[in-house]
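Student: Pasting in a structure now, in structure tokens, and then I'll have a few things to ask.
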Amino acid sequence: MAKRRAAALVLTAALLVGLALPAHAQDVQAGRFALGQFDVPCRAAILIDQESGTVLYEKEADTQMPIASITKVMTLLLVMEGLEEGRFTLEDTVPVTEHAYSMGGSQIWLEPGEEFTVDEMLRAVCVASANDAAVALAEMVGGSEPVFVEQMNQKAAQLGMSNTTFQNACGLDQERHLSTARDVAIMSREILNNHPQILNYTGIWTDSLRGGQTQLVNTNKLLRRYQGITGLKTGTTGGARVCLSASATRDGLSLIAVVLGASSSTERFDAATALLDYGFANFTRAQAPAPENAPGSLPVTGGALEEVPLQYQTPGTVLLQKGEEQSLQAELKLNESAQAPVTVGDEVGRVVLYAGQTELGSWPVTAAAEVPAMSWKLAMERLWQGLLAH
């Protein structure tokens, strides 16, 4: 009985930990849920569950168009990767070139030769959407903006952003500088899932640089208007019109709403609000339950050991339509035994999750240790030990 209770605790812990996120974002595609049937005031839009990438709403999600300063999400992503890899630190200085100085649009009026830290430049980009700061960071990371743009496009291809081509690091209108709502959701999900520290910058409402002489006010007004908003990036140009990638979290559910080509800032925020409201009103995340009486080990046939310990892999939490929580259940499909030799990672069963009669997915149960096959020598030794014991 104690052994069974211990095994149940082990499984519950495994369920709570869940699986690690992949190194790069998975496809952003529709799942088992019907997409929302309503319109929002913009050219293109998408709403996804941040954890799984499941699409909950879309409108012209694969239509190519300019995305203005939402481009900076990719710039920020490559900067965060550089920080994680140790190629530079937040305290390192970022030199300002004549090229960075020449950027128009939103800026912090950098002067050639002026120096700011990476941390300060990140604040300028995330809060004030500064084009000059974004290009200065790009030049530091890539050596030049053209080389950095090549890195942006390589990363986009790696992430599966098949309808995106970057031509600059800040999002100013330029021929063939295009993306889609779906691709924006992919790169937004990538930075949020794998570099969540970016929220320390995108969530800032006001800040300052140059000892208080340069004031920064966040262009994402939802930070003061929407419960649970965490970021992410706005964008406005003549070609792109008014855009937004917005992230928000409530009660363990994180959503990303992308709005492209709105006619005004008011319509941009209204569209994002409608998308997020729809997501939070209709969907939830629930802890995956543990199957009842799940054993911590499995008998082994023909092995040097009689049992092998088990490792359970589960999703941790699952995306559900509200109201499905009560019907959530887990079923364990486990082999009666494992045949030696057993190696670590050998699959011996599956945990299948259901919401009512709907299967949500299954996750492997694997051997957590090696069990070599019984050898003639070992068999003789055990026979002799048995005889001595009697």
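Student: Could you do me a favour and compute the accessible area per residue for the stretch 70-208, 1.4 Å probe, result in Å²? Don't skip to the end; give the middle numbers.
Tutor: Details: 5050 Å² over 139 residues.
Per-residue accessible area for the stretch 70-208 comes out at 36 Å².
Student: Could you pull out the trypsin sites (Lys or Arg not before Pro) across the stretch 28-81 that fall in loop regions by DSSP (anything but H, G, I, E, B) with no more than 13 other Cβ atoms inside 10 Å?
Tutor: Details: sites: Arg32, Arg43, Lys59, Lys72; in loops: Arg32, Arg43.
Sites meeting the loop and neighbour criteria: Arg32.
Student: Over the heavy atoms of Asp119, what accessible area does a 1.4 Å probe trace out, to the nearest 10 Å²?
Tutor: Near enough 40 Å² of accessible area.
Student: Based on Cβ point charges of +1 for Lys and Arg and -1 for Asp and Glu, what charge dipole magnitude is obtained for the chain about its Cα centre, in debye rounded to the nearest 20? Before the final figure, lay out each step's value.
Tutor: Working: 27 positive and 43 negative charges, 205 e Å.
About 980 debye.
Student: A follow-up question, please. How would Leu255, Leu360 rank on accessible area, largest to smallest, probe 1.4 Å?
Tutor: Numbers: Leu255 0, Leu360 45 Å².
Largest to smallest exposure gives the sequence Leu360, Leu255.
Student: For the chain, find the longest principal axis of its Cα atoms and tell me its angle to the long axis of helix 376-389, 0 to 90°, nearest 10.
Tutor: Taking the Cα atoms of the chain, the angle to 376-389 is about 60 degrees.
Student: Here is a follow-up. Greater than 31 Å separation of Cα atoms is the criterion. Which listed pairs, Lys155/Lys333; Lys59/Lys221; Lys221/Lys322; Lys155/Lys322, meet it? Present the calculation step by step, with values, prior to reporting the outcome.
Tutor: On the way: Lys155/Lys333 39 Å; Lys59/Lys221 23 Å; Lys221/Lys322 29 Å; Lys155/Lys322 36 Å.
Exceeds cut-off: Lys155/Lys333; Lys155/Lys322.
Student: Moving on to the next point. I need to check one value: relative contact order of the stretch 134-285, counting alpha carbon pairs closer than 8 Å and at least 6 residues apart, in percent. Please report the intermediate quantities before stating the final value.
Tutor: Values: 217 pairs, mean separation 21.1, N = 152.
Contact order relative to length: 14 percent.
Student: On the protein heavy atoms, probe 1.4 angstrom, tell me the percent of accessible surface of the chain carried by carbon and sulfur.
Tutor: Numbers: 8770 of 17560 Å².
Accessible surface attributable to carbon and sulfur in the chain totals 50 percent.
Student: Exactly which GluC sites (Glu not before Pro) in the stretch 124-178 are in a DSSP loop and have at most 12 other Cβ atoms within 10 Å? Please list the in-between numbers first.
Tutor: On the way: sites: Glu139, Glu150, Glu175; in loops: Glu175.
Passing sites in the stretch 124-178 are Glu175.
Student: Sort Met65, Met374 by accessible area with a 1.4 Å probe, largest first. List each step's numbers first, then the result.
Tutor: Numbers: Met65 5, Met374 70 Å².
Sorted by accessible area, descending: Met374, Met65.
Student: Please report the accessible area of Asp270 (heavy atoms, 1.4 Å probe, ligands and nucleic acids excluded) in Å², nearest 10.
Tutor: Around 90 Å² of this residue is reachable by solvent.
Student: Let me ask something additional. Can you give me the solvent accessible area of Ile204 with a 1.4 Å probe, rounded to the nearest 10 Å²?
Tutor: Spelled out: Ile204, probe radius 1.4 Å, area about 30 Å².
Student: Another question, if that's okay. When the helix-only estimate is applied to the chain (DSSP H runs of n ≥ 4, each -39,500 (n - 2.57), divided by the residue count), what is the mean residue ellipticity at 222 nm, nearest 500 deg cm²/dmol? List each step's numbers first, then the result.
Tutor: Details: 10 runs with 121 residues, N = 390.
Roughly -9500 deg cm²/dmol at 222 nm, from the helical runs in the chain.
The values are calculated or read from the model by the stated rules, or taken from the named source; none is laboratory data. Values in this document were obtained by computation on a predicted structure and should not be read as measured data. Reconstructed Cβ throughout: ideal geometry from the backbone, glycine too, with neighbour counts over all protein chains shown. Please note that ligands, DNA and RNA were not included when accessible areas were found on the heavy atoms of the full protein model with its side chains. Shrake-Rupley method; radii C 1.70, N 1.55, O 1.52, S 1.80 Å.
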